[in-house]
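The values are calculated or read from the model by the stated rules, or taken from the named source; none is laboratory data. Everything numeric in this text was worked out from a predicted model, so none of it was measured. All Cβ positions, glycine included, derive from the backbone under ideal geometry; neighbour counts span all protein chains shown. To get the accessible areas, we keep the full protein, side chains included, count just its heavy atoms, and leave off ligands, DNA and RNA. Shrake-Rupley method; radii C 1.70, N 1.55, O 1.52, S 1.80 Å.
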Amino acid sequence: MVQRPRFLAAYTLLATALAASSVATWKLSSAHRPGPLAPGAVVLVRNFLVAVQQGDLVTACRLFSAYPACDPSIVPPPLRTYEVEPAEPAVDGVDVPATLNGEYALFSVAGDAGRYRIVDIVADPSAYGPVGIVQFPLAA
């Protein structure tokens, strides 16, 4: 019967080592979870959309100078609703998908040293309609 205490001691040591290993693995895996990609780019897009929705063209044009409403001859459709998704990796920065008035749009955002700028917006151009089309009379 001398072997039973040795077995219990070895079993207890093994169970303790397994528990310690499990706790260490859980702590390491939770500490190394990647965070969201480019949260600053998402904030930039959200700030741009808030400015557009509120009609603050000064801020909207400062955040994205190629925004069509920066041209006084173009009147953009009103932005009633928007939803911004997490950033996705792209070739020259990140892409921030969004839904604007129920339509899909993709914001291309470039970053330098933690500073982001909107480079392009890919959306359905039919939302703008024929407004902004300039026709020149033919010379005689």
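Quick grid of which residues meet (1) modelled with pLDDT of 90 or more; (2) in contact with a helix residue (DSSP H, G or I) (Cβ under 7 Å, 6 or more places away or on another chain):
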site: Gln54; (1), (2): yes, no
site: Ala66; (1), (2): no, no
site: Pro125; (1), (2): no, no
site: Tyr128; (1), (2): no, yes
site: Ala140; (1), (2): no, no
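Restricting attention to the stretch 35-54, does a residue exist that is within 23 Å of the chain's Cα centre (by Cα) and either among the acidic types (Asp, Glu) or part of a strand (DSSP E or B) (or both)? No, the stretch 35-54 contains no residue that is within 23 Å of the chain's Cα centre (by Cα) and either among the acidic types (Asp, Glu) or part of a strand (DSSP E or B) (or both). Based on this model, can you work out whether Glu88 counts as in contact (Cβ under 8 Å) with a residue 24 or more places away in the chain, among the charged types (D, E, K, R) and surrounded by 10 or more Cβ atoms within 10 Å (Cβ to Cβ)? In short, yes. In the stretch 67-85, the count of residues that are surrounded by fewer than 16 Cβ atoms within 10 Å (Cβ to Cβ), under 16 Å from Val43 (Cα atoms) and under 14 Å from the mean Cα position of the chain (by Cα) is one or more. Selection of the stretch 35-80 for residues being of a type in the set (Ser, Thr, Tyr) and in contact (Cβ under 8 Å) with a residue 60 or more places away in the chain yields only Ser73. The one condition from (1) in contact (Cβ under 8 Å) with a residue 40 or more places away in the chain; (2) open to solvent by 30 Å² or more (accessible area, probe 1.4 Å); (3) under 20 Å from Gly35 (Cβ atoms) that Ala113 does not meet is (1). Are any residues in the stretch 66-103 outside any strand (DSSP E or B) and of a type in the set (Val, Ile, Thr), and if so, which ones? The answer is Ile74, Val75, Thr81, Val91.
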